[in-house]
Amino acid sequence: MANLQSATKRIYSFDGINNCIIVNDVDSSGLQSLSAGLALILQQKRHTKQTLILSDIPEAEAELGMLYKKVADLIGQHAIDRLIGIGPEIAANSALFDVSEQHFYNSSSQFIDDFSNLDFENETVLLSGARHFNFQQISAKLQLLAHAAVLEVDLAAAMENLDYFRSHVQPETKLMAMVKAFGYGSGSYEVAKALERKKVDYLAVAYADEGVELRKAGISVPIMVMNIEQNSCNAVIEHNLQPEIYSFKVLREFTEALNQSSHKGSFPIHIKIDTGMRRLGFDADDISDVIDFIADHPELKIESIFSHLTSTDIPDHDDFTRKQVNDFDRISNRICASLDYPTLRHILNSNGILRFPEAQFDMARLGIGLYGVAYNDEAQSHLKTVATLKTIISQIRTVKAGNAIGYSRKGEAKQDMQVATLAIGYADGLNRRLGNGKGNVRINGKSAPIVGNVCMDMIMVDITGIDASEGDSAVIFGDEITVQDIAKTLNTIPYEILTSISRRVKRVYYW
Ligand SMILES: *Cc1c(COP(=O)(O)O)cnc(C)c1O
């Protein structure tokens, strides 16, 4: 299933060697795929330098010269700095191309022999290869990490989820998308870029560093930073981020930093009201002083006023949720009335959007829903799976009845058992409490229970009766075993499962 999914979504990207980004159009089928791939890297613009590795084009064209003329024109329109042509036909037509650096090879293996002579560094590399050129071996050379565990992130699915939530708010209601904690584990830049293209109004991150990283990567949408401290004020100002102001201390420190900076004009801030979370935010009693402070400091502009609901997924607490909404309405109105400009108000998170549409005010903040998780089965049925965690089988062995498996000899072969060792462990974010039969993985459409203790970098699973070979892929979570299933087993929430996947697990983005 997961393999099938990867096969149908052809273009994906991942981090490559020497700070390259590799965009792989696995099974490029001609001019149209090439054009789509070129458009994607142009729109991404992660590096100033872009290299295209292109095979012979499998297009039925009577005259090859005409075909490669079209290819050359297409490339000419896309600011490609280096062209690597692979195949006898493209090589024979090399004179048609006018790229500042170009190399031609008759086959993929000739190119690979010459690989060490071609520097790949700080550039985006688009691989566009017809199937029989086997560009997978080139992709493997350019790939950064050899670790087999990957988190596949389906960006198209995330954008469908975005549309689903959009359909629950008024057309004029704005959306702030939460990309904190490395986009709930799914990667911040790629998710942010896709959201920017879908014209979300704001992004939000937890810490200034996350916002700075997005700005440096070229994200230009307004970004709210939720946890600011004195030492991050300057970064917020310098990188055009927008602070969440939740206390008088932060209000004073930020204003001071702003006044010492070279910033001209008023600076957008977001005022956080506490209506029951008891985490961050101003109390109702603070509001008069907030209003006075803002009146005295025209260098601050209240871009929005917001609060956070504690229990939008728990119907038993709906009365409390409605009280939070009413309190927020009243408190925020007092601030609005003191301003001579309009400001935005917002309180809903993902589940709030689905369950309290009457409380959408001017904006809603979408988090977990974007990443494919909802509060109940009905809502879940409308969302697409975004993240799939996979790895491969490193080794298969038969363990004879009576033998123990793994650390502390916790696993037990009651009968002869086929055991597969998988390249993923607790250091990758696979919770150790899933060991000893608590958790399962999916291999070739069947469930395989984890036997024995989860190791740091590996697990052993029981594949008795499953047709599997070394090198086959194993899915930890995705469509078949969901993050909700795992969260239930571990008595936690899907948020924790998603955000625990460690950074050493390679993220691969499907477009
Ligand atoms: C994380 C967060 C959200 C998003 O919540 P979800 O439940 O993931 O939709 C919204 N607002 C604030 C203040 C948050 O910290």
(message) Above 17 Å lies some portion of the pair distances; for the range 239-311, what is it as a whole percent of all C-alpha pairs?
(response) 41
(message) Rounded, prolate or oblate for the range 29-132? Axes are the square roots of the Cα gyration tensor eigenvalues, ordered a ≥ b ≥ c, and the cut-off for rounded is a/c under 1.5.
(response) oblate
(message) Given points 7 Å out from each Cα along the Cα-Cβ axis, report the residue 256 to residue 323 separation in nanometres with one decimal.
(response) 3.7
(request) Just add up the charged neighbours of residue 31: K/R +1, D/E -1, any other residue whose Cβ is under 13 Å from the Cβ of residue 31. (result) -3
(request) Determine the sum of side-chain charges near residue 396: Lys and Arg each +1, Asp and Glu each -1, restricted to other residues whose C-beta is under 12 angstrom from that of residue 396. (result) -3
(message) To check my understanding: the extent here is largest minus smallest coordinate of the Cα atoms along each principal axis. What are those three numbers for the chain, in Å, largest first?
(response) 75, 68, 39
(message) Can you give me the angle between helix 31-44 and the longest principal axis of the chain, using Cα atoms only, in degrees from 0 to 90, rounded to the nearest 10?
(response) 40
(message) When the expected Rg is taken as 2.2 N^0.38 Å, what fraction or multiple of it is the alpha-carbon Rg of the range 182-290?
(response) 1.11
(message) How many angstrom lie between the Cα centre of the range 338-361 and the Cα centre of the range 135-213?
(response) 23
(request) Please list 482-491, 314-323 highest first by mean number of surrounding beta-carbon atoms within 10 Å per residue. (result) 482-491, 314-323
(request) Return the aspartates and glutamates within reach of residue 49: Cα separation strictly under 18 angstrom, same-chain partners fewer than 8 residues apart disregarded; answer none if there are no such residues. (result) 15, 81, 98, 101, 119, 121, 123
(request) Please find the FRET efficiency linking residue 113 to residue 15, where r is the Cβ-Cβ separation and R0 is fixed at 25 Å, and quote it to the nearest 0.05. (result) 0.50
(request) Quick one: compute the contact order of the chain, relative version, from alpha carbon pairs under 8 angstrom and 6+ residues apart, as a percent. (result) 15
(request) In debye, nearest 20, what is the charge dipole magnitude of the chain about its Cα centre with +1 on Lys and Arg Cβ and -1 on Asp and Glu Cβ, if you could check? (result) 1000
(request) Excluding residue 143 itself, calculate the net charge of residues whose Cβ lies under 10 Å from the Cβ of residue 143, where each Lys or Arg counts +1 and each Asp or Glu counts -1. (result) +1
(request) Rounded to the nearest Å, what's the spacing between the alpha carbon centres of the range 269-287 and the range 218-245? Just the number, please. (result) 19
(request) Find the Rg to Rh ratio for the range 375-426, where Rh is the Kirkwood radius over alpha-carbon pairs and Rg uses the same atoms. (result) 1.23
(message) Between helix 318-338 and the chain, what is the angle of the helix's C-alpha long axis to the longest principal axis, kept within 0 to 90° and rounded to the nearest 10?
(response) 70
(message) If you fit an axis through the alpha-carbon atoms of helix 248-260 and take the longest principal axis of the Cα set of the chain, what angle between them do you get, 0 to 90°, nearest 10?
(response) 70
(message) With a cut-off of 8 Å between alpha carbons and a minimum separation of six or more residues, what is the relative contact order of the range 341-436 in percent?
(response) 17
(message) What would the Debye equation give as log₁₀ I(q)/I(0) for the range 198-251 at q = 0.18 Å⁻¹, counting only Cα atoms as equal point scatterers?
(response) -0.51
(message) Among DSSP bridges having both ends in the chain, what percentage is antiparallel? Round to the nearest 5.
(response) 40
(message) Based on the alpha carbons, how large is the Rg to Rh ratio for the range 379-511 when Rh follows Kirkwood?
(response) 0.97
(message) If you filter the range 465-508 for GluC sites (Glu not before Pro), then keep DSSP loop positions with at most 15 other Cβ within 10 Å, what is left?
(response) 470
(message) Can you compute the equivalent ellipsoid semi-axes for the range 20-89, i.e. the square root of 5 times each eigenvalue of the Cα gyration tensor, sorted largest first and rounded to whole Å?
(response) 21, 12, 11
(message) Per residue, how big is the convex hull of the range 411-468 when only Cα atoms are used? Give it in Å³.
(response) 69
(request) Estimate the FRET efficiency between residue 91 and residue 39 by the formula 1/(1 + (r/R0)^6), using the beta-carbon distance for r and 25 Å for R0, to the nearest 0.05. (result) 0.45
(message) Quick check on the range 264-402: what does the Kirkwood estimate of hydrodynamic radius come out to from the alpha carbon pairs, in Å?
(response) 17.8
(request) Determine the distance separating the Cα centre of the range 402-460 from the Cα centre of the range 35-53; give it in Å without decimals. (result) 41
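All of the numbers you see were taken from the coordinates with simple rules; none came from a lab. Every value quoted in this text rests on a predicted model; they were computed, and no experiment measured them. No Cβ is skipped: glycine too gets one built from the backbone with ideal geometry, and neighbour counts run over all protein chains shown.
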